[in-house]
Amino acid sequence: MNIRTIRKKIKSVTNVKKITKAMELVSAIKMKKSQERALESAPYRVSLEKIIHKAIYGLEKGFSPLIESISLSNKKLYIVISSNKGLCGSFNFNLFRFINSLVNFKESDFIVVGKKATSFINRMGGKIIADFSSLDLENVVSAIFKTALERYLSHDYKEVVLVYNKFINTLRSESLSTVLLPAKLEGETMEKVNGVDYTIEPSKEEIVEAVLKNLVEEKIRGAMADSEAAEHSSRMIAMKNATDNAENVIFNLTLLSNKIRQEKITYELLDMITAKESVGSD
């Protein structure tokens, strides 16, 4: 390997380093925005659950199919949120490994968000009933919810389950599954809240039904924001590692270039000394 070849490689790796550094910075900005959206939507979901807890007292357990499934089918509908693009480290790998350990593909159908999930489920032989990968993620939440709700109310599925990567911090995310339908209400449900039985118009059933639908839709929206933040975090870390590796390659190539140049100079000096001695001896 000569010096010219090494310099070409250094130039090429330097260009790669510039690209990875730019992608790292962009991912950091997108991660922060997604994280803010996820945090901002959380209090609203908590408020919806409080409203349900206050309004549900006195209602029979089977008053709504949104709370208690009446489907005779054992099939489940999974909403899977992945990424459209790669270069995000183990983000998709961890999610797909989790899905593989969780799902019976023969007794499950899928709604997917993200081209990577589409490819994975097709390889595993799963049936995709709706694919929202090519649409703007900001505008697909309502469509996902309506599709899942219609199929659930038609008694096609026993459960609707949301699977995604939850953002925990910059260095960590966790693959989670959450049952959306029938809705699982935490804490007090059919009992009085603080000993108060609220009078609600037009009716408790209508109010609870509407709020439950809103809550499920908001859970999907929150999961989208969480998954997006986790994706950009993984991509930021992957690009930082790529940038660091590029710097190491440049450093090693520079050392090799210097070594070759020094050897060349040394050989030239030896040739000069040998020629001088030969002339002097004559």
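Rule-based calculations on the coordinates, nothing more; no lab input. Remember, it's a predicted structure, so these values are computed and weren't measured experimentally. Because the Cβ atoms are built from the backbone with ideal geometry, glycine has one as well, and the counts that use them run over all protein chains shown.
Among S69, L212, A225, whose Cα lies farthest out toward the positive end of the dipole of the chain, if unit charges sit on the beta carbon of Lys, Arg (+1) and Asp, Glu (-1)?
A225
Which entries of K76/K184; K116/K213; K50/K213 have Cα-Cα distances beyond 24 Å here?
K116/K213
Evaluated at 37 °C with a viscosity of 0.692 mPa s, what Stokes-Einstein diffusion coefficient in µm²/s does the stretch 33-238 have when Rh comes from the Kirkwood expression over alpha-carbon pairs?
Once the numbers are plugged in, D ends up at 184 µm²/s.
How large is the charge dipole for the chain, taken about the Cα centre, if only the Cβ atoms of Lys, Arg (+1) and Asp, Glu (-1) carry charge, to the nearest 20 debye?
1360 debye
Please list, by residue number, every one of the trypsin sites (Lys or Arg not before Pro) in the stretch 128-165 that is coil in DSSP and has at most 12 other beta-carbon atoms within 10 Å.
none
Given DSSP loops and a limit of at most 15 other Cβ atoms within 10 Å, what is the longest stretch of the chain that contains no such GluC sites (Glu not before Pro)?
Longest gap between qualifying sites, sites excluded: 69-185.
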